[in-house]
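Q: My questions will all concern the structure given below.
Values in this text are rule-based calculations from the coordinates and carry no lab data. Fair warning: this is a prediction, and the values are worked out from it, not measured in the lab. Using ideal geometry, Cβ is built from the backbone for each residue, glycine included, and neighbour counts are taken over all protein chains shown.
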Amino acid sequence: MKRVSVLGSTGSIGLQALDVARMHKLDIQALAAHSSCKKLEEQAREFSPRQVCIYDEKYYKELKTSLADTDIRVLSGMSGLCEISADKETDIVLNSVVGMVGLLPTLTAIDNGKDVALANKETLVAGGNLVMTAAAEKGVSIYPVDSEHSAIYQCLQGNSMNKISKIILTASGGPFFGKTKEDLKNVTVKEALNHPNWSMGNKITIDSSTLMNKGLEFIEAKWLFDLEPDQIEVVVHRQSVLHSAVEFEDFSVIGQMGVPDMRIPIQYALLYPYRTQCPTRPMSLTEYGTLTFEKPDLETFDCLAQCIEAVKKGGAYPCIVNAANEVAVGAFLEGKISFLRIGELVREASEHFPYTEPASYDDVLSVDTAVREFVKKSIN
Ligand code: MN
């Protein structure tokens with residue numbers, strides 16, 4: 001039985017990972033949350049990890065006091081996340097924290113020879129080169145948790161000798177599929193948060209509505225599967241049943257299907273290579289009846305176009321579009337900017353910064369910081 005630590009245990013992926021852990025009685029070594037102190041305490045009492053970490057230091061005392069009657073070690077901040085990632089008694093770290101905060105814990109886990117079940121997008125978007133190089137050096141596995149990358153990973157099983165001609169990365173199209181820029185001028189936060197198929201956290205739901213999420217997944221796929229940008233085709237598939245597919249050199253296409261429930265890819269990452277019962281439901285193709293596939297509208301959904309361009313330009317550009325988007329989405333959620341402004345800010349940042357090639361975590365971080373400052377200035 002693998003010993004598992006979960007970073008981001010109170011978020012959407014974390015909660016579903018704990019459903020899997022509950023069903024399979026996984027050995028949970030550590031849990032970490034951003035600031036949901038009460039929820040983390042509850043989880044700690046249920047799963048009895050050796051360590052817990054609250055990222056926001058403000059809540060450290062509260063958590064420490066609330067768990068005083070247990071022998072669970074309480075940590076906080078980035079140092080706490082990294083301590084958990086380096087822990088000797090952990091085999092696999094599920095990293096499902098949101099944002100750039102996730103990069104250093106991933107690198108720390110890899111450095112310490114831990115396999116990583118990866119749900120944190122920024123890890124590969126901002127630090128793809130660093131992360132994949134380190135993982136290869138240390139011989140650790142990165143198991144993708146995201147449904148699309150998990151699908152591709154699953155399609156590749158038994159095919160290590162075979163050449164991929166391309167991958168088909170499916171996108172639900174989000175709540176604004178079929179709309180024009182004109183239609184999207186006055187979109188509210190509530191409308192953008194209303195995703196048709198998946199239930200996810202706020203940041204990723206907005207990213208799905210702009211198709212930035214697909215753009216970030218495009219960048220991740222490049223790194224995870226070592227592909228050229230023209231080997232990745234984004235296809236809008238409204239039903240989210242085909243989670244992605246791989247076309248091999250013989251033009252045979254292998255896809256992975258299932259109901260849109262993240263517990264399937266989470267469990268695959270945690271229990272790899274075993275397939276066993278999962279706390280979800282079976283899929284009925286006849287219930288769906290029709291599956292549709294369409295080209296994405298790159299003009300209306302500028303964020304996706306920006307990400308593809310960033311991969312082609314290389315260097316720090318994926319990190320730049322990601323950082324710009326994170327600040328812009330935060331401002332949109334706070335009601336400070338309009339929906340369409342998100343894409344504009346991403347483009348402005350991408351056009352402003354010159355080409356650089358980050359060679360270390362500090363390099364990535366300094367690009368990230370500079371971009372955030374640039375975008376914040378544009379907003380205020
Ligand atoms: Mn996804």
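Q: Amide H of V140: which non-local residues (sequence gap of 5 or more, or other chain) have their own amide H closer than 5 Å, using H built in the peptide plane?
A: The list, which skips near neighbours in sequence, is empty: none.
Q: Rounded to the nearest whole Å³, what is the per residue volume of the convex hull around the Cα atoms of the chain?
A: Working: hull volume 52.4 nm³, N = 380.
Considering the Cα atoms of the chain, their hull volume per residue is 138 Å³.
Q: Further question: From largest to smallest, what semi-axes in whole angstrom does segment 299-380 give when each is the square root of 5 times an eigenvalue of its alpha carbon gyration tensor? Mind dumping the intermediate values first?
A: Values: eigenvalues 85, 46, 16 Å².
Semi-axes, largest first: 21, 15, 9 Å.
Q: Additional query: What are the ³J(HN,Hα) values, in whole Hz, obtained from phi via the Karplus relation 6.51 cos²θ - 1.76 cosθ + 1.60 with θ = phi - 60°, for each residue of segment 362-367 in sequence order, with x given for Gly and Pro?
A: Running phi through 6.51 cos²θ - 1.76 cosθ + 1.60 with θ = phi - 60° gives 5, 4, 4, 4, 6, 4 Hz.
Q: Can you tell me what percent of all Cα-Cα pairs in segment 52-195 are more than 22 Å apart? Could the numbers behind the result be given before it?
A: Working: 5767 of 10296 pairs.
Percentage above 22 Å: 56.
Q: Turning to a different aspect of this structure: With no solvent and one point per C-alpha, what does the Debye sum give as log10 I(q)/I(0) for segment 165-243 at q = 0.13, 0.21, 0.23, 0.24 Å⁻¹?
A: Scattering profile of segment 165-243, log10 relative to I(0): -0.43, -0.97, -1.09, -1.15.
Q: Work out the length of the dipole vector of the chain about its Cα centre, built from +1 on the beta-carbon of each Lys and Arg and -1 on the beta-carbon of each Asp and Glu, and round it to the nearest 20 debye. Walk me through the intermediate numbers first.
A: Details: 38 positive and 50 negative charges, 172 e Å.
Dipole about the Cα centre, nearest 20: 820 debye.
Q: Computed over the Cα atoms of segment 214-268, what is the ratio Rg over Rh, Rh following Kirkwood?
A: Details: Rg = 12.2 Å, Rh = 12.7 Å.
Here Rg/Rh amounts to 0.96.
Q: Could you tell me the extents of segment 1-131's C-alpha atoms along the three principal axes, largest first, rounded to whole Å?
A: That works out to 44, 33, 26 Å along the principal axes.
Q: Rg/Rh for segment 176-307 to two decimals, with Rh computed the Kirkwood way over all alpha-carbon pairs.
A: On the way: Rg = 16.2 Å, Rh = 16.7 Å.
Rg/Rh: 0.97.
Q: Here is a further query. Note down, for segment 230-294, the three equivalent ellipsoid semi-axes (square root of 5 times each alpha carbon gyration tensor eigenvalue), biggest first, whole angstrom.
A: Values: eigenvalues 99, 63, 23 Å².
Equivalent ellipsoid of segment 230-294: 22, 18, 11 Å, largest first.
Q: Looking at F47, G127, V327, which one has the Cα that reaches farthest to the positive end of the dipole of the chain (charges on Cβ: Lys, Arg +1; Asp, Glu -1)?
A: My answer, from the dipole projection, is F47.
Q: Would you kindly give the portion of the calculated P(r) for segment 247-365 that falls above 17 Å, as a percent of all Cα pairs?
A: Working: 5073 of 7021 pairs.
That tail contains 72 percent of the Cα-Cα pairs.
Q: Right, another one. Out of segment 266-374, which trypsin sites (Lys or Arg not before Pro) are coil in DSSP terms and have no more than 13 other C-beta atoms within 10 Å?
A: Details: sites: R275, K312, K313, K336, R341, R347, R372; in loops: R275, K336.
Answer by residue number: R275, K336.
Q: Please list, in chain and number order, the residues 5+ apart from R3 or on another chain whose amide H is under 5 Å from its amide H, with Hs placed from the backbone.
A: D91, I92
Q: Give a residue-ordered list of calculated ³J(HN,Hα) values for segment 271-277 (Karplus: 6.51 cos²θ - 1.76 cosθ + 1.60, θ = phi - 60°; whole Hz; x for Gly, Pro).
A: Coupling constants for segment 271-277: 9, 2, x, 8, 10, 8, 2 Hz.
Q: How about segment 274-305: which GluC sites (Glu not before Pro) there lie in a loop by DSSP and see at most 14 other Cβ atoms within 10 Å? Don't skip to the end; give the middle numbers.
A: Working: sites: E287, E294, E299; in loops: E299.
Hits after loop and neighbour filter: E299.
Q: Per the helix-only calculation at 222 nm, which mean residue ellipticity applies to the chain, given -39500 (n - 2.57) for every DSSP H run of n ≥ 4 and division by its residues, nearest 500 deg cm²/dmol? Kindly include the intermediate steps, with their values, before the conclusion.
A: Working: 16 runs with 179 residues, N = 380.
It comes out at -14500 deg cm²/dmol, rounded to the nearest 500.
Q: List the pairs from K214/K312; K38/K203; K61/K114; K163/K312 whose alpha-carbon separation is above 24 Å, in the order I gave them. Could the numbers behind the result be given before it?
A: Working: K214/K312 16 Å; K38/K203 22 Å; K61/K114 29 Å; K163/K312 21 Å.
Cα-Cα > 24 Å for K61/K114; rest within.
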